[in-house]
Each structure stands twice: as C-alpha cells, then as structure tokens.
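A short worksheet on the structure shown next.
The values are calculated or read from the model by the stated rules, or taken from the named source; none is laboratory data. The structure presented is a predicted model; accordingly, all values stated were derived computationally and were not measured. Cβ coordinates were reconstructed from backbone atoms using ideal geometry, including for glycine residues, and neighbour counts include every protein chain displayed. Ligands, DNA and RNA are stripped out before the accessible areas are found, and what is left, the full protein with its side chains, is counted by its heavy atoms. Shrake-Rupley method; radii C 1.70, N 1.55, O 1.52, S 1.80 Å.
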Amino acid sequence: MNRTNQGGLAPIDPASIPKRMLNTGAEMPAIGLGTFGSDHVTPAQVAEAVLGAAAAGYRHFDCASIYGNEPEVGASLEVILAGGVKREQLWVTSKLWNDKHSEDDVIASCRKSLADLRLDYLDLYLVHWPFPNFHPPGCDVTSRSADSKPYIHESFMKTWRKMEELVDLGLVRHIGTSNMTIPKLKLLLRDARIKPAVNEMELHPHFQQPELFKFVVDNGIRPIGYSPIGSPGRPERDRTPEDTSPTEDPVIVAIAERHGIHPAVVCIKWAVQHGQTPIPFSINNYRANVAGVAGDPLSDDEMREIAAIDRNCRLIKGQVFLWKDGQTWEDLWDIHGTITPP
Ligand SMILES: NC(=O)c1ccc[n+]([C@@H]2O[C@H](COP(=O)([O-])OP(=O)(O)OC[C@H]3O[C@@H](n4cnc5c(N)ncnc54)[C@H](OP(=O)(O)O)[C@@H]3O)[C@@H](O)[C@H]2O)c1
C-alpha cells in the first residue's frame, strides 16, 4: 500500500451514506470529518482536507473553536457552498470551549464560531467538556487552569440555558454534550428544556463504552464517536504506556486483510454498523474512510469478533481538566456511577 490509501478511489455519492435521525427529525450523515489537527497538522492542511473531503462525498464536518482553525475551515466551507452544495446538505458542528462556559460568553462564542465558519447557523453546537477548566493548545499533561473547578451541575445548567437560547435565536439547530458520563447526563436530562440531541464520546474497538452507549441511545441521544481509529496522531499529553492501538489488534488486522482494506477503515466500518457516527480525522486517507462506509459491510461474525476485543482502553483521558491535587484521570469519568465529589 502506498503512504496513503486515497489513490484511485472514486468520489462517493453523499446520498449513499447512511443518516442518523435526531430527536428533531433532522438527519445527520453517519460519518463526518474530524478537524482537530492534534497540535501538529496546520490549519491550512486541515482546510485543504475539508475541501478534498467534500469532493470525496463528505457532508459532515466536526469543528471546534479550540482547534484553532475555524477561519480556515470556514473559507473551505464557503468554497464548497459556492460550488453548488446547498447549506441544508451540509452538517456542521462546532463546540463551546471550556473558558467560555459563563453566561455572558456562550452566545458570543457561538457567534464567533459562526463568523469564522462563515455560516448563518450551526447544525449542532456542543459543550466541549463538562468542566470549565481551560487548557491552551499545545500544553503538556501537567497543565491546569489556575482556578480549576469540578463539575457543578447548577453551573453547567446556567451554560445549558444559554445553549437552549442559541436554539431559540435560530443560531443553532441542535445542542449536545461531549465527554459526559451517565450520572451527569441523568441530571441534564432531568433539568433540560431542550434535551441534548447527541453526546460526542471516545469510541473505537478498544474503547466501546457499552454502558454509556446504551444509556444515550435509550434516551434518544445519538452517539458521535471521536478518535474512531484510536487517534494515532494524538498529542503527547494524551499518551500513556498502557495505551493500546485498535489498528494493531490482530482481529482488526485479519479482517482488514480479508477485505483488502486498511485496519483504520475496518474501525470506521465497524463504527457505522455499530450505530455511532464516527468523525475520523484525516488529511491523507479521508477517501478510504468514506468509501469504506459506502462499501461492503462487515459480516455479523466480524461484528461479533470486534465486540469481543473491547479493552476498556480510554485514550483521551483528560488529565488537564482535573481540578485539585492528588487526583487521577479516572476522577473525571465518574467510574463508580456517581459524580466525583468536589
Ligand atoms: N469532543 C472531543 O472532546 C473530541 C476529542 C478528540 C477528538 N475529537 C474529534 O474527533 C476527531 C477524530 O479524532 P482524532 O483526530 O483524535 O483521531 P482518529 O480519527 O481516531 O485518528 C486520526 C489519525 O488516523 C489517521 N488515519 C485516518 N484514516 C486513516 C486511514 N484510512 N488509514 C490510515 N490512517 C488513517 C490520520 O492520519 P492521516 O491524516 O495521515 O490520514 C490521523 O493521524 C478529531 O479530529 C475531532 O474532530 C473530539
């Protein structure tokens, strides 16, 4: 195989890509292009990939202000729209960063993303993390906000009320969460006027999160799966010696060989067939990923084999969001079923 697996792949008809119906009846394409350059892919490279991906058949783009490239991505979106794709055929997500949770900042931050992306509305706007703790791009694993805070539901609801207002204002069509846990979502579902339409969460064959996955689906929330390939290019702060790589798993490698595709594409096929919406990042291989979704499915046996290789291996642990000394990253994820006390 050459350095990339783009070559020779024809564009995919966007109509042939499965869709996920959300709680409003709107339909979201079941694969999107991630746009986080992991602190080493430049905004210009990401913007070029957005253009190339649209030509390859993608209509869904997962953006965020913290990715530091919304102006460049916006320039590409403008070209895509000028080229004849209609706005209603695109699905564009952006996210509220952690230093903008205060009531005065939510609407202004969304308007800034809209201006940068050159759009009148977003299809989806997410609260990027449930913690108001800021870390700057490129920081290392020891970085902490000076005034770090735990999850405080009353504070989160103030942010959420502003998210709801964004829907009322017509600036966003759907709102959702990211990096939430079951106990936090239970409180939000109890108190929200507009319920989250999606939860964006880490999902790949080595981190299948079956309990959270079932909870969100049972509650009418669509799971969007980030780092679906196991984020091989993730920043140094998100690497530990225990991490495993789904694309090197012998089960994934064997399935890839059987189908004549890259192991990364097996991860993407699995994700779509399993029911989440993967948002793989790629500047070199996005064609193979969308072609994989439109191509022959994995067999039921292959799906069962992949179900059996879950290693509960979280890669994006989020240490930089911890709020006090002496904690471990598990404290962010409420692993005992209750919200970790302040
Ligand atoms: N909500 C959140 O907190 C959150 C957190 C993390 C990520 N995200 C979102 O999820 C997106 C994806 O996650 P990610 O960027 O962490 O990781 P990922 O999508 O699992 O992995 C991306 C890496 O896989 C490579 N790759 C992609 N397709 C490939 C293929 N077919 N063959 C070989 N290599 C392939 C890419 O290299 P090439 O570029 O060379 O193809 C890139 O290095 C992000 O971009 C972002 O939009 C959200």
- Task: Among the lysines, select those whose C-alpha is under 18 Å from the C-alpha of Lys324, and discard any that sit fewer than 8 residues away in the same chain.
- Result: Lys149
- Item | Magnitude of the charge dipole, the chain, Cβ model with Lys/Arg +1 and Asp/Glu -1, debye to 20 | 540 debye
- Query: If only Cα atoms are counted, what is the Rg of the chain, and what is its Dmax, in Å?
  - Reply: 19.0, 54
- Message: Just to be sure I understand the model, the point goes 7 Å from the Cα along the line to the Cβ. What's the resulting Met21 to Ile152 distance in nm?
- Response: 4.2 nm
- So, over other residues within a Cβ distance under 14 Å of Gly68, counting Lys, Arg +1 and Asp, Glu -1, the net charge is -3
- Can you tell me the accessible area per residue over the chain, all protein chains present, probe 1.4 angstrom, in square angstrom? 42 Å²
- Within the set Arg234, Arg190, Arg287, GNM on the chain using Cα springs under 10 Å gives the largest fluctuation to Arg190
- How much net charge surrounds Ala30 when only the other residues with a Cβ under 12 Å from the Cβ of Ala30 are counted, with Lys and Arg +1 and Asp and Glu -1? +4
- Item | 14 Å beta-carbon shell around Ala271, net charge (K/R +1, D/E -1) | -2
- Task: Please give every one of the lysines within straight-line cross-link reach of Lys162, meaning a C-alpha to C-alpha distance under 17 Å, and leave out same-chain neighbours fewer than 8 residues apart.
- Result: Lys95, Lys100, Lys112, Lys195
- Task: Using the Cα centre as the reference, give the magnitude of the dipole from point charges on the C-beta atoms of segment 193-318 (Lys, Arg: +1; Asp, Glu: -1; all else neutral), rounded to the nearest 20 debye.
- Result: 560 debye
- Message: If N is the number of residues in segment 171-250, what value comes out of its Cα radius of gyration divided by 2.2 N^0.38 Å?
- Response: 1.26
- Ranked by GNM mean-square fluctuation in the chain (Cα springs under 10 Å), the top entry among Asp249, Asp300, Asp13 is Asp300
- Query: In deg cm²/dmol, rounded to 500, what helix-only [θ] at 222 nm does the chain give when every DSSP H run of at least 4 residues adds -39500 (n - 2.57) and the total is split over its residues?
  - Reply: -10000 deg cm²/dmol
- Note on segment 120-161: alpha-carbon gyration tensor, axes a ≥ b ≥ c; rule is a/c under 1.5 for rounded, else prolate if a/b larger than b/c, else oblate; result oblate
- Query: Based on Cβ point charges of +1 for Lys and Arg and -1 for Asp and Glu, what charge dipole magnitude is obtained for segment 1-141 about its Cα centre, in debye rounded to the nearest 20?
  - Reply: 420 debye
